[in-house]
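The values are calculated or read from the model by the stated rules, or taken from the named source; none is laboratory data. Only a predicted model underlies this, so the values are computations on that prediction, with no experimental measurement involved. Counting neighbours? That spans all protein chains shown, and the Cβs are built from the backbone with ideal geometry, glycine included. Note: accessible area is taken over every heavy atom of the protein model, side chains too, but ligands, DNA and RNA are not part of it. Shrake-Rupley method; radii C 1.70, N 1.55, O 1.52, S 1.80 Å.
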Amino acid sequence: MTGGIAAYKSPDLVRKLTARGCEVQVVMTAAARRFVVPMTFQAVSGRRVRDDLWDEEAEAAMGHIELARWADRVLVAPATAHFIGALAGGLAGDLLTTVCIATSSPVWLAPAMNRQMWAHPAVQANCRLLEDRGVRLLGPGAGEQACGEHGLGRMLEPEQIADALLAAAPDRARTGPLAGLKVVVTAGPTREPIDPVRYITNRSSGRMGFALAAAAREAGADVVLVTGPVALATPPGVRRVDVETAEQMYARVHEEIEGTELFIACAAVADYRPERAAAEKIKRTEPEMHLELIRSPDTLASVAALPNPPFTVGFAAETHNVAQYAREKLVRKRVDMIAANRVGPDCGFDRDTNELTVYWNGGEMVLGEGAKAVLARRLMDVIAKRYLESRKSRAGAAP
Ligand code: PMT
């Protein structure tokens, strides 16, 4: 990042990228440090910020050329008029320009400046020159500016930048281990109505399931995400189907299951639902109220029981005896794998981190603790490996 007022949005951009499984190394210019302190970026990226070409300690750990090679993409957000000019001129006077010149990975710029500066012929010529050399520009957008003027020059919103950056990653999508395979993922809670204004639900935020859908997409799959009510953006390239109740989740998954190679059930589906939902709001007249609950259909077990089932992966959310219950679910639901996590007020649900161990018949793997986006990638790697092995042995067993 370079030194523009839009830098106040950059920590949010880093957070959005890490939440989607990116490893982010922040490099700041000296001017950028005047807008946001490096500590903020260290906190959101989990890595020490790099801001000096002459920092002996940092250079010894990962030199600037190594850093330029390490990055799959280099994004400069905000990119000021001065920085754009320096890059167009091939100058390498600080760490950021050096990394941009030394990298062979795509370089993306999110320009941000006053509208007059953006319209200046020198800035426009520099941008055209950079685009001719393969640098991609994201924005700028139009709107109210920090200087009080109105026009073109605003940095795009972090969400738009993250979407564009990740949507343009077709290389993995075409060559990933699940390239072209249909994967259905369930996520989020379900809501079971009691009456038109009340329902039974649980603490699932959908984050784990959404991270899995994103990881499956990154691995090249055609992903359908069947989700209960959550407040999350759909991962780029993923088809989303919204449902509310356990019965709807069951129905929509079965509508999608034709042609599905991999089914991952991460949703926290309500096991029981009110037998009847009242047509009108229940009035507060009686001293007690009794709800009759009945079992909801089990989507995961029903998919695993199909005559020609996809490779099925379930989750086990347990407050205690996690390993034992997970193994029991593996057998009882006849699934290929179970990812187990402990859940409670302090873990599993409704937070960015999780801790997972995955079990299958005859094996297990501890995936450890970390951001859900990172764990989702680890889990997808294991799932893809075991799925491909199972298909190989099935092909070998065929007459
Ligand atoms: O959404 P987050 O806030 O990110 O939290 C993530 C999570 C804790 C919800 C997630 O990691 C998780 O554990 N999801 C499964 C929750 C659950 O309902 O577990 P269970 O042990 O009750 O169910 C076992 C399996 O059967 C699950 O794969 C579940 O999706 C499936 N199931 C259960 C009941 C039912 N009626 N239909 C189902 O398909």
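Just one of LEU165, LEU225, LEU212 is modelled with pLDDT of 95 or more and within 21 Å of ARG15 (Cβ to Cβ); which is it?
Details: LEU165 fails: modelled with pLDDT of 95 or more; LEU225 fails: within 21 Å of ARG15 (Cβ to Cβ).
Result of the check over LEU165, LEU225, LEU212: LEU212.
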Exercise for review: Give the number of residues within segment 265-279 that are within 15 Å of the ligand (Cβ to nearest atom) and of a type in the set (A, V, I, L, M, F, W, C).
Suggested key: 6
Review point. Modelled with pLDDT under 95, among the acidic types (Asp, Glu) and assigned to a loop (DSSP other than H, G, I, E, B): does that describe GLU286?
Key: yes
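Looking at VAL322, VAL358, VAL366 in this structure, which one is at pLDDT 95 or above, β-branched (Val, Ile, Thr), over 17 Å from the mean Cα position of the chain (by Cα) and over 27 Å from THR18 (Cα atoms)? Break it down stepwise before answering.
On the way: VAL358 fails: over 27 Å from THR18 (Cα atoms); VAL366 fails: over 27 Å from THR18 (Cα atoms).
Going through VAL322, VAL358, VAL366 in turn, the sole match is VAL322.
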Study note, to complete from the structure: The condition from (1) within 16 Å of the ligand (Cβ to nearest atom); (2) without any contact (Cβ under 8 Å) to a residue 12 or more places away in the chain that PHE311 misses is numbered (2)
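Conditions tested, residue by residue: (1) within 12 Å of the ligand (Cβ to nearest atom); (2) of a type in the set (D, E, K, R); (3) touching a strand residue (DSSP E or B) at 6+ places or on another chain (Cβ under 6 Å).
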site: VAL223; (1), (2), (3): no, no, yes
site: PHE263; (1), (2), (3): yes, no, yes
site: LYS283; (1), (2), (3): no, yes, no
site: LEU291; (1), (2), (3): no, no, yes
site: PRO307; (1), (2), (3): no, no, no
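Kindly establish whether TYR359 is among the aromatic types (Phe, Trp, Tyr), open to solvent by less than 80 Å² (accessible area, probe 1.4 Å) and farther than 26 Å from ALA221 by Cβ.
Details: among the aromatic types (Phe, Trp, Tyr): yes; open to solvent by less than 80 Å² (accessible area, probe 1.4 Å): yes; farther than 26 Å from ALA221 by Cβ: no.
Here the answer is no, as TYR359 does not meet what is asked.
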Study note, to complete from the structure: So, first residue in contact (Cβ under 8 Å) with a residue 60 or more places away in the chain in segment 376-387, second residue part of a helix (DSSP H, G or I), Cβ within less than 6 Å, six or more apart or across chains; the pairs are ALA376/ALA211; ALA376/LEU212; ALA376/ALA215; ARG377/ALA215; MET380/ALA215; MET380/ALA216
Point to revise | Elements of type strands (runs of 3 or more DSSP E) contained in segment 127-215, each with 3 or more residues being touching a strand residue (DSSP E or B) at 6+ places or on another chain (Cβ under 9 Å), within 16 Å of the ligand (Cβ to nearest atom) and open to solvent by less than 40 Å² (accessible area, probe 1.4 Å) | key: 182-187
Review point. Which ranges mark the helices (runs of 4 or more DSSP H) fully within segment 19-126 that have 3 or more residues being under 23 Å from LEU165 (Cα atoms), open to solvent by less than 30 Å² (accessible area, probe 1.4 Å) and in contact (Cβ under 8 Å) with a residue 40 or more places away in the chain?
Key: 81-88, 95-102
Practice item. Keeping to segment 299-338, report how many residues are crowded, with 22+ Cβ neighbours inside 10 Å and in a helix (DSSP H, G or I). Key: 4
Practice item. Say whether the condition of being among the hydrophobic types (A, V, I, L, M, F, W, C), in contact with a Gly (Cβ under 8 Å, 6 or more places away or on another chain), part of a helix (DSSP H, G or I) and away from the ligand (no atom under 12 Å from the Cβ) is met by at least one residue in segment 356-375. Key: yes
**Study point:** GLY348 vs. criteria touching a strand residue (DSSP E or B) at 6+ places or on another chain (Cβ under 7 Å) and either hydroxyl-bearing (Ser, Thr, Tyr) or within 27 Å of ALA179 (Cα to Cα) (or both)
**Key:** no
Exercise for review: Could you list, in sequence order, all residues of segment 223-272 that are in a loop (DSSP other than H, G, I, E, B), open to solvent by 10 Å² or more (accessible area, probe 1.4 Å), without any contact (Cβ under 8 Å) to a residue 60 or more places away in the chain and of a type outside the set (A, V, I, L, M, F, W, C)?
Suggested key: PRO229, THR234, GLU244, THR245, GLU258, ASP271
